[in-house]
Structure formats: structure tokens, C-alpha cells
Amino acid sequence: MMDIHEILRQLPHRYPFLMIDRVVSMEKGKCIQALKNVSINEPFFNGHFPHRPVMPGVLMLEAMAQAAALLAFDAIGERPDDKTVYYFAGIDSARFKRPVEPGDQLIMDVELLRVKSGIFKFKGVTRVDGNVVCEAELMCTMRTVA
């Protein structure tokens, strides 16, 4: 539904911090499914257990937040500009079920639960080969910066 070129137009993140390779599906204002291919060439693998490379959990949360941002922008019908920043406002109930290793493909399902006072609340679940590897509730907000 959204290729890397459209993702790059909507998210300010760039290598090595862009964590979304493709949006598989999106239902306006409700949910998004996105994917990230995890490669041995990821720069964090050099220092995160070089003898047994494992993707840091915080980066899985970041990947879900980037998917959530794409869903939020679509829900409100806006595209971010150079003065719009999308921030984490909170993370609740984060759980990591198994390690993510090079060669895995993250499938992130993020659901918009509610929007209140400019705070978006999402439920995210990330799977590899159908098995849950990470889940959390994410709260994010958009701010205009000078």
C-alpha cells in the first residue's frame, strides 16, 4: 500500500534510523500493518552482542512508533512538514517475547485506540514468522517546532 518512496516523503527519519521498509495495509484512522527487514548490515549489530546479534528492544518500539506516525498522519489527513515533530509521549506494557535476529522480518500491526488532547494512543504488536516478539501501548504527540 505504501512503498519506501512514500514512507520517505512522510517520515523525517533516514538511515540508520528509518525502521519501516513498507506499509502492507492501512485502514484510515484504525490500523496499519508495516514491515521491516532485519539485515546483518544494521549498524547496531556491531555493538549489540556481536557474538550473537540481537535487535535492541527499544528499536522494535521505535519501529512500531514510526508505523503509528504514518497511521496518525493518514488519520488526520495531514503530511508532516519541516516544522512538525512526532514525539513519544509514553510507552506502557512493553513486553519482549523472543530475540529478533538478522534475517528476520518484523511484521508490525498497530491499532489507533484513541486521540485525546493531541495525544494519540496505539496498541502495537510485532511478529516474526507469526510469533509475537514485541508488544506495547504507545502514546505519541505531534508538536510544531521553530
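Just so it is clear, none of the values below were taken in a lab; they were calculated from the coordinates. Note that the structure is predicted; figures quoted are calculated from it, not measured. Note that we place each Cβ from the backbone using ideal geometry, even for glycine, and neighbour counts take in every protein chain shown.
The residue 92 and residue 131 beta-carbon pair, evaluated with R₀ = 30 Å, returns a calculated FRET efficiency of approximately 0.85. Cross-link partners among lysines for residue 97, C-alpha distance below 19 Å, same-chain residues fewer than 8 apart left out? Counting by Cα, and skipping residues close in sequence, residue 97 has these lysines nearby: 36, 123.
Between the beta carbons of residue 3 and residue 51, assuming R0 = 41 Å, the FRET efficiency works out to 0.70 to the nearest 0.05.
With both labels modelled 7 Å from their Cα along Cα-to-Cβ, the residue 21 to residue 141 distance reads 3.5 nm.
Here's the list of lysines a cross-link from residue 116 could span, going by alpha-carbon distance under 20 Å and ignoring same-chain residues fewer than 8 apart: 28, 30.
Computed from the Cβ-Cβ distance with R0 of 22 Å, the FRET efficiency linking residue 115 to residue 14 stands at 0.20. Distance between the 7 Å Cα→Cβ label points at residue 28 and residue 41: 3.7 nm. Each Lys and Arg adds +1 at its Cβ and each Asp and Glu adds -1 at its Cβ; summed about the Cα centre, the chain shows a dipole of about 320 debye. Note: relative contact order over segment 4-144, using C-alpha pairs below 8 Å and six or more positions apart, is 26 percent. Across 61, 70, 113, mean-square fluctuation computed from a Gaussian network of the chain (C-alpha pairs under 10 Å connected) peaks at 113.
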